[in-house]
1. Inside the range B:132-250, counting only strands (runs of 3 or more DSSP E) that do not spill past its ends, which hold 1 or more residues that are charged (D, E, K, R), away from ligand 2 (no atom under 16 Å from the Cβ) and over 14 Å from the mean Cα position of the chain (by Cα)?
2. If the requirement is being open to solvent by 10 Å² or more (accessible area, probe 1.4 Å), in contact with an Asp or Glu (Cβ under 7 Å, 6 or more places away or on another chain) and within 14 Å of chain A (Cβ to nearest Cβ), which of these qualifies: B:ARG128, B:ARG105?
3. Looking only at residues in the range B:65-92 that are without any contact (Cβ under 8 Å) to a residue 60 or more places away in the chain and touching a Pro at 6+ places or on another chain (Cβ under 7 Å), which one is nearest to the other protein chains (Cβ to nearest Cβ)?
4. Would you mind listing the helices (runs of 4 or more DSSP H) fully within the range A:185-265 where at least 2 residues are closer than 25 Å to A:SER48 by Cβ?
5. Just name the residue that is nearest to the other protein chains (Cβ to nearest Cβ) out of those in the range A:129-156 that are under 30 Å from B:LEU56 (Cβ atoms) and in contact (Cβ under 8 Å) with a residue 40 or more places away in the chain.
6. In this structure, is B:ILE23 surrounded by 17 or more Cβ atoms within 10 Å (Cβ to Cβ), within 16 Å of ligand 1 (Cβ to nearest atom) and over 19 Å from B:ILE181 (Cβ atoms)?
7. Exactly one of (1) away from ligand 2 (no atom under 16 Å from the Cβ); (2) more than 14 Å from chain A (Cβ to nearest Cβ); (3) without any contact (Cβ under 8 Å) to a residue 40 or more places away in the chain is unmet by B:SER10. Its number?
Amino acid sequence: MKKQKSEHELFIYKNRNRKIKIIVVQVLILICFLGLWELAAQLEWIDSFITSSPSRVIKMLGELKEQGLWKHIGTTLYECVIGFAVSTALGSLIAVALWWSDFLRKVLEPYIVVLNSLPKIALGPIIIIWVGADAKAIIMMTVLICIIVTIISTLGGLMATDEGKILLMRSMGATKRQILTKLVLPGSVPTFLSVLKINVGLAWVGTIMGEYLVSGAGLGYLIIYGGQVFKLDLVMTSTVILCFLAAVMYFAVALVERFFKKRSF
Amino acid sequence: MEILKMNNVSLTYQTVEQETKAIENITLSIEDGEFIALVGPSGCGKTTILSLISGLMKPSGGTITLMGKPVERPGSETGYMLQRDMLFEWRTIEKNILLGPEIHRNLSDEVKGKAEDLLKKYGLWEFRDRYPGQLSGGMRQRAALIRTLALDPKLLLLDEPFSALDFQTRLSVCNDVYEIIKSEKKTALLVTHDISEAVSLADRIVVLSARPAVVKKTFVIDIDAPTPLKRREKSEFGKWFDTIWKEVSV
Ligand SMILES: Nc1ncnc2c1ncn2[C@@H]1O[C@H](COP(=O)(O)OP(=O)(O)OP(=O)(O)O)[C@@H](O)[C@H]1O
Ligand SMILES: [Mg+2]
């Protein structure tokens with residue numbers, strides 16, 4: 001005899017069903033898109049010389065593998081990850097320092113505001129001259145783009161700590177350091193996680209922009225080069241790889257988020 | 001025994017725009033085991049008085065002594081409970097309650113044992129591993145009180161601790177808190193806007209004037225009933241309410 005499902009089991013069942021549906025539709029959309037693209041190219045509704053096509057992308061992937069695809073991916077990934085890590089770490093540290101010292105915060109406020117509104121790409125030539133036309137310049141560009149946003153958002157989170165909670169800790173005799181480590185930092189974890197997500201996106205912007213400016217390797221380089229010699233297959237293929245990498249990095253951050261949400265401090 | 005002695009205490013806030021004289025020549029003494037309610041018009045300086053006693057601020061004039069020693073900085077002799085429960089959402093109830101001992105770097109087995117006893121005694125033991133978000137308003141306020149008690153303070157300072165609760169919860173939490181404070185044999189100084197709350201809880205009510213606050217009058221409330229809820233049922237309750245109400249409003 002079949003056992004009656006409990007309300008909770010039913011809820012879980014429905015919930016899972018819905019999740020599966022969402023994933024199925026997501027995959028279907030991708031397949032339809034790729035299928036249509038390929039079909040339109042095969043039937044010559046579109047000029048695949050300009051639009052490329054999934055089969056051309058796959059062929060190009062094979063070609064690229066002979067010509068150091070991994071080196072290009074490695075270069076871009078390296079620049080992006082280092083830029084992301086440095087700007088996140090340094091930016092958070094600076095935000096904490098600014099939280100700690102009212103004086104420093106007031107002094108630096110106008111500088112940060114100006115740096116924030118400055119289009120960082122304008123600093124490209126200066127960066128190249130100062131650190132050289134290589135990976136260092138690209139990392140520098142990535143850091144510049146991410147770090148100001150990191151400082152501003154993280155500081156905002158730190159400063160938004162409930163005054164009442166600070167008062168409570170002070171009434172218990174807590175030191176400023178204890179207020180930071182037991183209240184302000186753990187309370188700002190949600191802000192920090194959203195900063196991480198924003199930074200993943202910005203780090204890619206910085207890296208690719210940097211590679212447009214200076215580079216002899218990397219996906220940004222392939223895209224620019226492909227555009228110049230009118231090899232749209234190359235441009236498309238590099239873009240697809242870029243999408244894939246950005247997604248992987250985003251999911252890595254999502255994993256970090258899951259980890260933080262599970263534990264208490 | 002005299003727990004607290006305030007002698008001619010005054011405080012003036014300094015801001016760029018102006019000086020604000022918040023309290024002036026407050027003289028007040030609290031005996032061991034007493035439950036005192038402080039009532040007065042909005043903005044008259046009640047919170048200021050509690051901040052001074054807890055050592056968060058220094059008076060501009062006068063002296064404050066706790067068990068014979070002058071108050072210099074926040075310490076574990078006083079426990080401050082605020083209007084909202086101020087539980088940390090990312091800590092479990094048990095970890096919230098151990099916040100004070102953690103700050104004092106005193107997480108001994110004895111302290112932990114005492115916190116566990118308090119949790120068990122006051123009905124939060126099953127909830128020790130939950131997060132504040134999973135508790136009702138009344139339970140949260142009880143947890144906040146236990147957090148204050150974990151440092152074993154001599155004097156509890158309660159700044160409108162029930163005003164964030166709805167009326168029904170408020171009556172029962174008020175009752176709970178009273179019983180906990182009495183059974184732990186604590187001395188308490190409660191600030192409230194709510195005169196009926198003051199009458200139902202206090203042994204003595206101190207009425208303050210408008211800013212700058214001075215002690216206008218003190219009433220010894222002698223309603224004979226074991227709990228705040230029972231007090232509210234007594235006939236003297238209404239009489240006391242009217243007396244205090246008149247004193248506050250004139
Ligand atoms: N940090 C401060 N700086 C300047 N003035 C202040 C400060 N804190 C309080 N005041 C002023 O001092 C007076 C007394 O404030 P306090 O908070 O002690 O009043 P209160 O009796 O607790 O008021 P309420 O009933 O609204 O809680 C008020 O007029 C307030 O504006
Ligand atoms: Mg107040």
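The values are calculated or read from the model by the stated rules, or taken from the named source; none is laboratory data. Given the structure is predicted, the values throughout are model-derived calculations rather than measurements. Cβ sites come from the backbone with ideal geometry, for glycine too, and all protein chains shown count toward neighbours. Protein only, heavy atoms only, side chains kept; ligands, DNA and RNA dropped before computing areas. Shrake-Rupley method; radii C 1.70, N 1.55, O 1.52, S 1.80 Å.
1. B:215-220
2. On the way: B:ARG105 fails: in contact with an Asp or Glu (Cβ under 7 Å, 6 or more places away or on another chain).
Going through B:ARG128, B:ARG105 in turn, just one is open to solvent by 10 Å² or more (accessible area, probe 1.4 Å), in contact with an Asp or Glu (Cβ under 7 Å, 6 or more places away or on another chain) and within 14 Å of chain A (Cβ to nearest Cβ): B:ARG128.
3. Filtering first and then ranking leaves B:TRP90.
4. In the range A:185-265, A:219-228, A:232-262 are the helices (runs of 4 or more DSSP H) which contain 2 or more residues that are closer than 25 Å to A:SER48 by Cβ.
5. Here the answer is A:THR154.
6. Details: surrounded by 17 or more Cβ atoms within 10 Å (Cβ to Cβ): yes; within 16 Å of ligand 1 (Cβ to nearest atom): yes; over 19 Å from B:ILE181 (Cβ atoms): yes.
Yes; evaluated as a whole, the condition is true for this residue.
7. Status for B:SER10: all satisfied but (3).
Here's the yes/no breakdown for (1) open to solvent by less than 30 Å² (accessible area, probe 1.4 Å); (2) out of contact with any Phe, Trp or Tyr (no Cβ under 6 Å at 6 or more places or on another chain); (3) not in a loop (DSSP other than H, G, I, E, B); (4) not aromatic (Phe, Trp, Tyr):
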residue: B:GLY100; (1), (2), (3), (4): yes, yes, yes, yes
residue: B:GLY113; (1), (2), (3), (4): yes, yes, yes, yes
residue: B:LYS120; (1), (2), (3), (4): no, yes, yes, yes
residue: B:GLY123; (1), (2), (3), (4): no, yes, no, yes
